[in-house]
1. Search the stretch 244-260 for residues that are within 20 Å of residue 279 (Cβ to Cβ) and open to solvent by 30 Å² or more (accessible area, probe 1.4 Å) and pair each with any residue that is within 16 Å of the ligand (Cβ to nearest atom) and outside any strand (DSSP E or B) when their beta-carbon atoms are under 7 Å apart and the residues are at least 6 apart or on different chains.
2. Return the residues of the stretch 385-416 that are open to solvent by 50 Å² or more (accessible area, probe 1.4 Å) and of a type in the set (D, E, K, R); say none if nothing qualifies.
3. Residues in the stretch 217-235: is at least one without any contact (Cβ under 8 Å) to a residue 24 or more places away in the chain and either open to solvent by 40 Å² or more (accessible area, probe 1.4 Å) or touching a Pro at 6+ places or on another chain (Cβ under 6 Å) (or both)?
4. Of all residues in the stretch 147-160, how many are out of contact with any Cys (no Cβ under 6 Å at 6 or more places or on another chain) and within 16 Å of the ligand (Cβ to nearest atom)?
5. Residues 315, 382, 352, 338: which one is in contact with a Phe, Trp or Tyr (Cβ under 9 Å, 6 or more places away or on another chain) and surrounded by fewer than 19 Cβ atoms within 10 Å (Cβ to Cβ)?
6. For the stretch 276-291, which positions are more than 16 Å from the ligand (Cβ to nearest atom) and open to solvent by less than 10 Å² (accessible area, probe 1.4 Å)?
7. List every residue pair whose Cβ atoms lie under 6 Å apart, where the two residues are 6 or more positions apart in sequence or sit on different chains, the first residue falls within the stretch 337-360 and is modelled with pLDDT of 95 or more, and the second residue, located anywhere, is buried (at least 17 other Cβ atoms within 10 Å of the Cβ) and among the acidic types (Asp, Glu).
8. Residues in the stretch 116-146 that are part of a loop (DSSP other than H, G, I, E, B), open to solvent by 20 Å² or more (accessible area, probe 1.4 Å) and away from the ligand (no atom under 16 Å from the Cβ): how many?
Amino acid sequence: MHDHRKLGRELELFDTDPLIGAGLPYWLPAGASVRHALEEYLRELERRAGYQHVYSPVLGKRELYEISGHWSHYRDGMYPPMDLGGEQVVLRPSLCPHHALLYRSRGRSYRELPLRLAELGGQYRTELSGVLGGLTRVRAMQLNDAHIFCTPDQAAAEARAALAMIRQAYAALGIEPARYRLSLPGPASPGSPGSPGNKYVGDPRIWDQAAAMLAGILDDSGLAWEAGEGEAAFYGPKIDVQVADAAEREATLSTVQVDFYQPAQFGLHYTGADGGRHRPVMVHRSVVGSMERAVAHLIERHGGAFPDWLAPEQLVVLPVADAQGQAAAEVARQATGLGLRARLAGPDSGTLNRRIRSARLVPYQAVIGEREAAAGQVAVRLRDGRRLPPLSADAALAGIAAHVAVHRTGLWDAAA
Ligand SMILES: [Zn+2]
């Protein structure tokens, strides 16, 4: 695998500036294209699975995080509060408390559940400056997050569906998990829930129940998994999907968590079929984690040769000589009109071989010589070296656009 920091610079995907600060990368146009394609894919995946998208502010009063438990359990990872007109406001370390308040914004009936609220939102954590670098250790990140508010009976099905969605996204992105981990609290006091001085909150029986539910889901899915003691969130156990980086270091990319604690902290309830007040369960889940970590992993995994639907440039149009410049410009324009990220590279940027080499990471190259120009055709070369027989430009572009739309890792091949 490749180091994403090195490739990120070479391919002009992202960078940092000391004047902005350590751990605060910015995204250059090529990197922003990849991220944008990923964000669009995720929103569509979620929308089709019945999620509703929301926006919430990246700031909140300190009191909000005192209620959620972040202030007492997670304060070391939070930015210091800002004094604002006698109030203390902090940058949020997670989106959960905001979403709990959105749920609470009016009365809820059991008929509305499960209520799936999703947001691609900013969260902020103070990593030590010594460990900052690239897109994996950052102080500001955009999280692909969602909270499912449901009845206790619905929680297992929702967690199962979230795990299935993670696996579907990994197939589209070409990501291979290093392992699945069931993250549990520490094995003995004072680490265990309910014991004095522990860092895990709530009733130990509820923890056992939630852990058993997640273990059952992992077993049913047929995946190999292992338990990770001391890896749970402070409010509940979770399924962590681990990936490895270029240096074989493991990190959590995706999570599914079952939480009985924050609904109680925020006094969440719904009116049941019996007319009584009941406490919902919160399922926290992230399909690919933060955009920063997800794109870092994709860079390393694919070495910059992204699946066609993610590639910063999907098609480069190469006229052999100046005489085909106009035909090539027309094909590039047509491709852009179909929604493809296409670029024209004419003879002014070098010999044909040189232009082909410099576009080696672009999934499709449409070469137009004298014969192709006369016939309204293109000779398509695939990134992996395959060459397709000459095709009408219309057919080639339609085939590529249709392949891009279905989010596969392989390349389109007219013969397949
Ligand atoms: Zn959450």
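The values are calculated or read from the model by the stated rules, or taken from the named source; none is laboratory data. Values in this document were obtained by computation on a predicted structure and should not be read as measured data. In this analysis, Cβ positions are derived from the backbone assuming ideal geometry, glycine residues included, and neighbour counts consider all displayed protein chains. We work out accessible area using only protein heavy atoms, side chains counted, and drop any ligands, DNA or RNA first. Shrake-Rupley method; radii C 1.70, N 1.55, O 1.52, S 1.80 Å.
1. 260/202; 260/210
2. 386, 387, 394, 408 - these are the residues of the stretch 385-416 that are open to solvent by 50 Å² or more (accessible area, probe 1.4 Å) and of a type in the set (D, E, K, R).
3. There is at least one residue in the stretch 217-235 that is without any contact (Cβ under 8 Å) to a residue 24 or more places away in the chain and either open to solvent by 40 Å² or more (accessible area, probe 1.4 Å) or touching a Pro at 6+ places or on another chain (Cβ under 6 Å) (or both).
4. Step one: filter the stretch 147-160 for residues out of contact with any Cys (no Cβ under 6 Å at 6 or more places or on another chain), giving 147-157, 159-160.
Okay, now just the ones that are also within 16 Å of the ligand (Cβ to nearest atom), so 147-150, 155, 159.
Total meeting the criteria: 6.
5. The unique qualifying residue is 382.
6. Listed by number, the list holds a single entry, 291.
7. Here the result reads 341/313; 343/313, each pair linking the stretch 337-360 to a residue that is buried (at least 17 other Cβ atoms within 10 Å of the Cβ) and among the acidic types (Asp, Glu).
8. Result for the stretch 116-146: 6.
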